[in-house]
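All remarks here apply to the structure that follows.
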Amino acid sequence: MSRKSFRQAINEALRQEMERDPTVVLMGEDVAGGMGAAGEQDAWGGPLGVTKGLLQHFGRERILDTPITESGFIGAAAGAAVTGLRPVAELMFVDFMGVCFDQIFNQAAKFKYMFGGKAKTPMVIRTMYGAGFRAASQHSQCLYPIFTHIPGLKVVIPSSPYEAKGLLIQSIRDDDPVIFFEHKVMYDLEEEVPDEPYAIPFGEANFVREGDDVTIVAFGRMVGFAAQAADAVAKAGISCTVIDPRTASPLDLGSILESVRETGRLVVVDEASPRCNLATDISAAVAEQAFEALKAPIRMVSPPHAPVPFSPALEDLYVPSVARIEAAVRATMSAGARRAA
Amino acid sequence: MGDITALVMPKFGLAMLEGKVAAWLKAEGEQVSAGEEVAEIETSKITAALESPAAGTLRRIVAPAGETLPVGALIGLLTDAATPEAEIDAFVAAAQERFAEAMASRVSEVAPEPTRLDTPLGTINVLEAGPADAAAVVLVHGFGGGLDNFLFLQPALAGRYRTLALDLPGHGGSTKTLPGTSPEAMAGAIGALLDARGLERAHLVGHSLGGAIATAFAAAHPGRSASLTLISPAGMGEEINTGYITAFLAARRPKALTAALETLFADPSLVSREMVDAILRFRRLDGVEAALSALAAANFAEGRQKIALRATLAGLSLPLAVIWGREDRVIPAAQAEGLAPPERLHLLDHVGHMAHLEQSAEVARVIGEIAG
Amino acid sequence: MQLSREDLLRAYRQMRTIREFEERVHLEFSAGGIPGFVHLYAGEEASGVGVCLDLTDRDVIASTHRGHGHCIAKGCDVKAMMGEIFGKRDGLCGGKGGSMHIADISKGMLGANGIVGGGPPLVCGAALTAKTLKTGGIAIAFCGDGASNQGTTAESMNLATVWKLPAIFVVEDNGYAESTASSWSVGGDALKRAEGFGMPGVRVDGFDFFAVHAAAREAIARARAGEGPSLLHVQLSRYYGHFEGDAMTYRGTDEVARLRAERDCLALFRRKVTEAGLLDAPALDAIDRASAALIEEAVAEAKSAAYPTEADLVTDVYAAY
C-alpha cells in the first residue's frame, strides 16, 4: 500500500494485467510516442504520461503506437478482441468518438447479440473526458451518456485512484466491451492504493458517505465534489448518503432506490450536458420506482445546455460546483419541510 | 490563573498520524470527570473514545466534529468555570503556535511500514516493533483479520519485546496462496516467519482462528514456543456464530459489513467507516475471496467448528494464558472454562471477540505476566 | 493451375451452393417468407470462393451486407444460414442477426456487416491477433466499390501497412454502390490506392474463378510470410438488385441477361475444367443436383423451424451484466 496518483494507479493496473495475461495489448496514438522519430522512444507515454514506462516492460509488440486513425485502431481493437486478444485502446479524448463511433456502437457493442451469443468482445477503450482543463468545446465533454445508451457496452467512470485501479483491472478481465472514462483533471489526485492487483466488480455502487436525510448520486469527478458538499451540510445538521455508482452501465439502481427509500430525498450530480444524461436517467428511474418514498422533488445538478467554453471565467461557471450541490441539498430539505408542514 | 488541561488528538497505535473528531460526547460547559469519555476519535483503522486526562469543565471545543487534525493538535480544553474567556483564548493561541512550530520542525513523520519477507510459503507481510535483542512475541490474527488488529496491543508490548505482527497467508499483504486450510498447515506461516527473521523461539499470541493456529504451532514445535496467549481462540469448543462469518463474506455494502463487524465488539461504535472500507478493499485483492472461502469452509460449518484443539492444548507444557470477552458474540466465552488454570484465565467484562482491540492494556498486562 | 481434383470439386460445389442459395432466397423473399433486408451475391461466386478456397478456420474474413456467399465460402453451415435468414431460433445466430449479420467466429467468419466499410478495421484487429499470438493465420476484408470510398477502408489500408499486418483487402467492384455507378463514385484509379498505401494491388477478373484464386494465393502467401498487406481489385457484377425489391431501373435493359449468358462464373468454370479434362460433366451435374437438394432441404427445415421466444429477447447482450 502506498500513495499513488490516479495516473499511477492506471499505469499500475495496465502493467499488472499485461504481466498476468499475455493477450493484453495496448494501442493508441502516442501511447509510447516517438515511433519512427530519431529521438527518444516512449517519448510521451500517452499525451498526459499515463502509459509511460510500459514500453520498456512489454516492447513494441504489445505497446502499439498507432497513426492518428481512430476508426482504424478502435475497429482493430474490436476485431482483435473478437479473435482472441484483450486489447486496451486509448481514445485520447472521448470527444474523438465522432470519428470512430461506428466501430464502437455498431460493431463491438453488437457482436455478441447479432451473432447469437457466439462471440465475445473483451476490449477496453480508455478515454479522457471532462471540463476544467481549459481545453474548450472539442476536448472537454463528458459524453458517457451516449455510450450508456448503447446495449452491449459497459461504461465505467472511476472517481478516485483506488477506484481507477480496481475498475480498470475488472475492465480488462471483463468479457464485454468497456468504455473507461478518465477525468483529465484528476490524474494528479493521490490516495492510498494497494500494490497488489484487485478488481472492483461492475454494477456495485460505492457508498462514499452514509447518512439519513438526502441521497446524493454522483459520478467520476463529481463524487469528490458531492462528498465535500455532504461534509459541508453536515455542519448544518443535514446528513447525506453519497453514492458513487462506479459504472453507468451496468447501473446499480437497486442501491440508489434502497437509499432513496431510506432518505426520501435525491440529488443527482452529473458533469454531462443536462439533456438525456445520467442525472435525468436516474431521476426518471427513481420517480418511476420510488415516487412514494420521495419527500421532496428530485434535484439535478448539471452544467447548462451549452458546449464547454474555453475562457476560464466561463468554464468555472460551467462545471457543477460544490456550492451548487450544497444548494441543491438544502433546497430538497426545505422543499420537504414545506411539504411536511 | 486557573488550571487549564489541553485535550489533544490522541495517538492510537503505531500508524496513526492524524485523526478525526467523529463526535463530542460532552457539550461546552459540561462537567467532565477524569477517565470519562469526552469525544470519539476516528482513525484510519478504528473509532475509539478519548478519555479525559483530568476533571474539569469542558470550556472550549477547538476542533468541532468532522475536523481532521494531526496527532498532538489541540482539540479542546478543560478548566474551571471561573477561568476568564480571555485566558482561554490566550491558552489556545499559545498551544496552537507551539504545535505549529513542532509540526514545522518534525521531520516528515512516517508510520512504520510492514516488511514483505520472501519465505518458502511465499510472501509473508510482517510489522515489527520493539528492541531487536528483546524476547520475540509473534501476534497471530484471526479469520479475515490482519496485522492491523494489533494496532493497540503491539505498541503496548513493543517497549519490552521484539513484536512481530504478521498477515497470515490469504490475508493482508501476504501471499494469497494458502499452505493448506487446517490450523496445522497455516501454522507453517509462523515457522516461516521465525526462520526468515532468524528467530529460534517466540512467545505466541493468537486470536480466534489465529489462536488455533498458534496452538497447532506450539504443539508441533514445543521448543520454539516460549509461551502461548490465546484470545477468544477457535478450536476449543463446538459452537461458533457462523452467521458472522457468512455475513462477513457476503457483505458488499459498507452498511452490511458494518453490521457484521459490530458482532465482534461489545461496543459496536468501535467499528469505523475506515475499518469497514479497509476490509472491503482487502477482500477485493486477487486471491483473497478464494482463500477466505476455503478457510471458512474447512474450519467452520453451520454453527459449529470443524476443528478441535482442546486436547492438543491440554497436552502442552508451556506458560499459557487465555483471555476471553464475556460478551463475545462469535465464540462463546463459556468455552474458556477449564482451558487454563484459574489464575491464567481472564474473562473480561464489557469485551467482545476483540479483547486486543477493546482492552489492549489488559491483554498486554496478561502477556507480560506469562512472558516475563 | 495447380488445384487438385478435390479442390476443384470443392470450389464448384461451393459456387453452385451459393448460386442455389441466392436464387432460392430471391424466390422465397418475393413470396414474402423472408423478413427484412436481403442483398444477394448471385453472379459474384467466383470471387468469394476463389479467395477463400485456400483458407482454414484459423484465417479470418470480414464480409459485407452482401455476405451469404462469403459465409458459404468460409464454411458456415448452409442450413443454419437459411434458418437465420428466416429469423428462426435454430439459425446460425439464433435469429438475432439475420441476413446482414450472419457470422461464425469458430469458422473465422467475422460477420456480414450492415455498415458499408464496417469490416476493414475489424480485419486489422484479426490480423493483429494472428500476428501477436503467432497463429500463422491471416485476415481478409471483403468490401465493395462503395466501401472502398469509406474512410474506414483507407484508414485500415494505411494501418495494415504501418503495422505490417497479415491482411488482404478484397474490393469486389460490382459496378454499383446501391444505384450509383462505381465509374462515377470512385475517384481516380482504384488500383492505385494500393500503391498509395504502400501495398501491392492486382486487378482481377472476378468472373474467372481461376484468376481470382491465383491472385488470392499470391496475396495469402505474402501475408503468411509476414510481408504485409495486399489489395485485390476484383471486377464482377451482381445479378440482382442492391437489395431484394430493387427494380434496378438504373441498369441497362439487357445488362443482367447478357451477363448471365456471356460471363457467368459457373458456366465459365464448367467450360474450363471440362475442356481441360480436369473434371467431367457428370461429376459437375451430380454437384448441381446435390446442391439443389441441399437448399431444398434447408428451406424446408428453415420454414418449419421455431421462432425465438420472448425468453431470447434480452439474452446474449452481455457476457455478464
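The values are calculated or read from the model by the stated rules, or taken from the named source; none is laboratory data. What you are looking at is a predicted structure, and each value in this text was computed from that prediction instead of being measured. Here the Cβ is made from the backbone with ideal geometry for all residues, glycine too, and neighbour counts use every protein chain on show. These accessible areas exclude ligands, DNA and RNA; they are computed on the full protein's heavy atoms, side chains included. Shrake-Rupley method; radii C 1.70, N 1.55, O 1.52, S 1.80 Å.
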Measure of size requested: the Rg and Dmax of the protein assembly as shown, with Cα atoms as the atom set and Å as the unit; please supply both.
-> 35.7, 124
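Quick check: residue separation of B:L318 and B:A185 times 0.36 nm, minus the Cα distance between them. What number comes out in nm?
Details: separation 133, 0.36 × 133 = 47.88 nm, distance 2.14 nm.
Full extension from B:L318 to B:A185 adds 45.7 nm.
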Tell me which residues come under 5 Å, amide H to amide H, from A:Y198 once H is placed; ignore anything under 5 positions away on its chain.
-> B:D286
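Rounded to the nearest 0.05, what FRET efficiency do B:A55 and B:A27 have when you use their Cβ-Cβ distance and R0 = 22 Å? Spell out each step's value before the answer.
On the way: r = 16 Å, r/R0 = 0.75.
The calculated FRET efficiency here is 0.85.
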Does chain B come out rounded, prolate or oblate by the C-alpha gyration tensor, with a ≥ b ≥ c the root eigenvalues, rounded set by a/c under 1.5 and, if not, prolate when a/b is larger than b/c and oblate if not?
-> prolate
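How do A:D176, A:D213 rank by accessible surface area computed with a 1.4 Å probe, from largest to smallest?
Details: A:D176 5, A:D213 35 Å².
Output order, biggest surface exposure first: A:D213, A:D176.
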Model label zone, B:R310; criterion: amide N under 17 Å from point 7 Å along Cα-to-beta-carbon; scope segment B:230-257 = B:232-241
Within segment B:140-181, which residues have the backbone N less than 16 Å from the label spot 7 Å out from B:T115 along Cα→beta-carbon, could you tell me?
-> B:162-167, B:174
Considering only DSSP beta bridges with both partners in the protein assembly as shown, what is the antiparallel share in %, to the nearest 5?
-> 40
Dipole magnitude (debye, nearest 20) for segment B:229-330, charges at Cβ of Lys, Arg, Asp, Glu = 200
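On average, how much accessible surface per residue is there in segment B:5-105, in Å², for a 1.4 Å probe, leaving out ligands, DNA and RNA?
Numbers: 4510 Å² over 101 residues.
I get 45 Å² per residue for segment B:5-105.
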How big, on average over all directions, is the shadow cast by the Cα convex hull of segment B:143-267, in nm²?
-> 8.6
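Once every DSSP H run of n ≥ 4 in chain A is given -39500 (n - 2.57) and the sum is divided by its residues, what mean residue ellipticity at 222 nm do you get, rounded to the nearest 500 deg cm²/dmol? Let's see the in-between values first.
Values: 11 runs with 120 residues, N = 341.
Counting only the DSSP helices, I get -10500 deg cm²/dmol.
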Using a probe of 1.4 angstrom, how much of the accessible area of segment A:2-193 is carbon and sulfur, in percent?
-> 54
Efficiency of FRET from Cβ geometry, A:D188 and A:E40, R₀ 35 Å, rounded to 0.05 = 0.95
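If you wrap a convex hull around the C-alpha atoms of segment A:73-146 and split its volume per residue, what is the figure in Å³? Working shown, then result.
Working: hull volume 5.8 nm³, N = 74.
Per residue, the Cα convex hull of segment A:73-146 comes to 79 Å³.
Going down the list C:K74/C:K134; B:K20/B:K176; A:K118/B:K255; A:K4/B:K20; A:K295/B:K45; A:K184/C:K131, which pairs span over 31 Å between their C-alpha atoms? Please report the intermediate quantities before stating the final value.
Details: C:K74/C:K134 21 Å; B:K20/B:K176 33 Å; A:K118/B:K255 40 Å; A:K4/B:K20 22 Å; A:K295/B:K45 36 Å; A:K184/C:K131 33 Å.
Distance filter (> 31 Å) returns B:K20/B:K176; A:K118/B:K255; A:K295/B:K45; A:K184/C:K131.
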Local net charge near A:E196, Cβ-Cβ under 9 Å (Lys/Arg +1, Asp/Glu -1) | -1
Tell me, what is the 1.4 Å probe accessible area of A:F310, in Å² to the nearest 10?
-> 130
Please sort A:227-237, B:256-266 by packing, taking for each peptide the average over its residues of neighbouring beta carbons within 10 angstrom, highest first.
-> B:256-266, A:227-237
Solvent accessible area, Å² - A:Y318, 1.4 Å probe, full protein context = 10
Rounded to the nearest 20 debye, dipole of segment B:5-105 from Cβ charges on Lys, Arg, Asp, Glu | 280
In what order, largest first, do B:M9, B:M275 sit by accessible area if the probe radius is 1.4 Å?
-> B:M275, B:M9
Separation between the A:S239 and B:A34 pseudo-spin-labels, each 7 Å from Cα along Cα→Cβ, expressed in nm?
-> 3.5
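For chain C, would you read off the P(r) tail past 34 Å as a percentage of all alpha carbon pairs? Kindly include the intermediate steps, with their values, before the conclusion.
Working: 10082 of 51360 pairs.
Considering chain C, 20 percent of its Cα-Cα pairs are separated by more than 34 Å.
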Taking θ as phi - 60°, what are the ³J(HN,Hα) couplings along segment A:115-123 by the Karplus curve (6.51, -1.76, 1.60), each to the nearest whole Hz, with x for Gly and Pro?
-> 9, x, x, 8, 9, 10, 10, x, 10
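Dividing the convex hull volume of the Cα atoms of segment A:206-340 by its residue count, what figure in Å³ per residue is obtained? Before the final figure, lay out the partial values.
On the way: hull volume 14.1 nm³, N = 135.
Per residue, the Cα convex hull of segment A:206-340 comes to 104 Å³.
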Compute the separation of the alpha-carbon centres of segment A:244-291 and segment B:309-366 and state it in Å as a whole number.
-> 49
Calculated FRET efficiency, C:A293 and A:D231, Cβ-Cβ r, R0 60 Å, to nearest 0.05?
-> 0.20
Taking 0.36 nm per residue of separation and subtracting the Cα-Cα distance, what length does fully extending C:E262 through C:S304 add?
-> 11.3 nm
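So for A:S321, C:S183, what's the accessible-area order with a 1.4 Å probe, most first?
On the way: A:S321 40, C:S183 110 Å².
These residues rank, largest area first, as C:S183, A:S321.
With a 1.4 Å probe, how much accessible area is buried between chains C and A, both sides summed, in Å² to the nearest hundred? Can you show the working numbers first?
Details: alone 14030 and 13890 Å², together 24680 Å².
Rounded to the nearest hundred, the buried surface is 3200 Å².
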For chain B, find the longest principal axis of its Cα atoms and tell me its angle to the long axis of helix B:360-371, 0 to 90°, nearest 10.
-> 50
